[in-house]
Each structure stands twice: as C-alpha cells, then as structure tokens.
Amino acid sequence: VRLLAIAGSDSSGRAGLQVDLATFAAHGAEAATVVTAVTAQGGGGVLAIEVISAATVAAQLDAALDEGVDGVKVGMLGDARVVEVVARRLAALRGAPIVVDPVLAASSGMALLEDAAIEPLRRLLLPAATVITPNLPELARLTGCAVESDGDRVAAARSLAAGGPAVLVKGGHAEGALLVDLLVHTGGVARFEHPRQARSARGTGCALASALTARLARGEALVDAVRGAIDHVQQRIAAAAPR
Ligand code: PXL
C-alpha cells in the first residue's frame, strides 16, 4: 500500500515525520510525504520551529494525492493556514482512511500548533477523519471536558467526534500501574489495557497513528487495527531505554 504522512520534521529523528516513515516501512508500506514544518530538537527540547507556507504545503498535497494514496496520517500542522489547506484537500478525499493525531505540543510542552488553529482544526479537519487519536491533555484542551474517569473520557470523545469519526483516547498521560486506551466508535467503546512500562519513549503518538493508518489501509477492521497498532507501540516502548 501507498501511504501519505502529513507531518513536521523532528531533526532528532525521535518523533514526527521521521517516526512516521520508519513505522510505515516496518509495515511494508510505501510512503509519500507532506512536510508541514521543520523543527530543530535535541536534549534541550524544541530549539526552533519553521512552519512551511500554505502554498508549499498545498503543492506537496496535490502532488501526493494526484498519484493516489491508500491511507493518510496527519500529525503536526503548525498554524491555521496549514490546517485549512490540509482540511480542504482531505475533505474531498474518498475511500482512503484518514488518521488525525491532533498534535498540540511536544513532550517538552512547546506548542506545535498555534492557538488560532484549534478552532479550524475542530471545525474543518476533525470531521474529515476516520480516527482521531488525542492524548489526555489534547482531549481536554480540544473539548473543554474533564478527562479524569473513563466515563469523562468517553463523553469527551463523543463531543469531539460529534457522531462522525472514531476517537482513540490514549491513556499514556494518566497515572497508575495500568495503561488504558479507549476506542470510542459507532459500535461502542473498546478498552485496551497494558501494564504501564517503567520506560518512556518519544514519538509514541506518531508511531501509533502511523501503524493504525497502515493497518486500516490494508483493510483491517477498526478494532483489530487499533489493537495491532497499540501492540506495535508497546514493543517500541519495550525497546526504549529504562527511565
Ligand atoms: O509527538 C508529537 C510530535 C509530532 N511532530 C513533531 C514533533 C512531535 C513531538 O515532539 O516534534 C514534529
């Protein structure tokens, strides 16, 4: 299958487009790319960010979509103009699954999407998604809802999706010995539990969304694709250095 990653470059190679490409390759998929931003990252966190112009993003999108893609993963978008151009192209895409990781900030806390882009992200891009993959801080920020209990998280996911896309609520930012991810979809709520590993890795959200895109593009059913993508990330974390 041929997949498209729409994402920012992380110069460290530990997140963003670089992880998307490695994940697609691990799933035997071909990759087209749309670079939305270039970031410089190192031990000190995010050192510099340059968002690519909407015109250059649009040209990359048109080039990739003209050839045809079987699945699309969306990560860092940077600003409102990029959100708008990506949303407009993807709303017209038919037949290919679209996984949107609503990247708002880096693990260090540095903003990767400007505040003014949150409203267009919700209104224009999220409705075009097949699956949205927020972590808990993103779910809280995008909905204004509490995300303490499982019930809170399901309600917040339903308000984010408004009956359209499935929402995979990633539980990695919560506390506790058990890591719980919740898939809220039209068929109900699926729960995925893993013991929390005493390790942390960057780029887990990018790897999860990319693995999910690859599996959906191969025709796997939603719940199976999510389970497989989570297992892939669990293995990636197990291979990371202990915390
Ligand atoms: O993990 C979110 C993310 C996405 N894209 C880029 C990033 C990060 C986190 O640092 O740098 C480019």
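A few points about this structure:
- Filtered residues of the stretch 10-48 (kept if within 11 Å of the ligand (Cβ to nearest atom), surrounded by 23 or more Cβ atoms within 10 Å (Cβ to Cβ) and of a type in the set (S, T, N, Q)): T36, T39, Q41
- Selection of the stretch 182-231 for residues being assigned to a helix (DSSP H, G or I) and surrounded by fewer than 20 Cβ atoms within 10 Å (Cβ to Cβ) yields V223, D224, R227, G228, D231.
- Given (1) modelled with pLDDT under 95; (2) crowded, with 19+ Cβ neighbours inside 10 Å, index of the condition V51 fails: (1)
- Within the stretch 155-171, the set of residues being surrounded by fewer than 18 Cβ atoms within 10 Å (Cβ to Cβ) and not polar (S, T, N, Q) comprises A155, R158, A162, G163, G164.
- Residue check, V85 away from the ligand (no atom under 12 Å from the Cβ) and touching a residue at least 60 places away in the same chain (Cβ under 8 Å): no
- Listed by first and then second residue, the pairs with beta-carbon distance under 9 Å, at least 6 apart or on different chains, first residue in the stretch 49-66 and touching a residue at least 60 places away in the same chain (Cβ under 8 Å), second surrounded by fewer than 14 Cβ atoms within 10 Å (Cβ to Cβ) and assigned to a loop (DSSP other than H, G, I, E, B), are I49/M110; L65/A92.
- L142 being more than 21 Å from L216 (Cβ to Cβ) and free of Cβ contacts under 8 Å to residues at least 40 places away in the same chain: no
- Matching residues in the stretch 40-80 - criterion: being among the charged types (D, E, K, R) and not in a helix (DSSP H, G or I): E50, D70, K73, D79
- Residue list for the stretch 70-114, filter: of a type in the set (V, I, T) and within 15 Å of the chain's Cα centre (by Cα): V72, V74, V83, V86, I98, V99, V100, V103
- Number of positions in the stretch 1-39 that are farther than 18 Å from A111 by Cα and either part of a helix (DSSP H, G or I) or of a type in the set (A, V, I, L, M) (or both): 17
- First in the stretch 154-169 and more than 21 Å from T213 (Cα to Cα), second anywhere and in a helix (DSSP H, G or I), Cβ under 8 Å, 6 or more apart: A156/L139; A156/A140; A156/T143; S159/T143; A162/P127
- Only one of the numbered conditions (1) of a type in the set (S, T, N, Q); (2) more than 16 Å from the ligand (Cβ to nearest atom); (3) over 25 Å from V85 (Cα atoms) is not met by T204, and that is (2).
- Residue within the stretch 151-173 that is of a type in the set (V, I, T) and not in a helix (DSSP H, G or I) present: yes
The values are calculated or read from the model by the stated rules, or taken from the named source; none is laboratory data. Note that the coordinates shown come from a computational prediction; the quantities given were computed from them, not determined experimentally. Ideal geometry is used to build each Cβ from the backbone, glycine not excepted, and the neighbour counts take in all protein chains shown.
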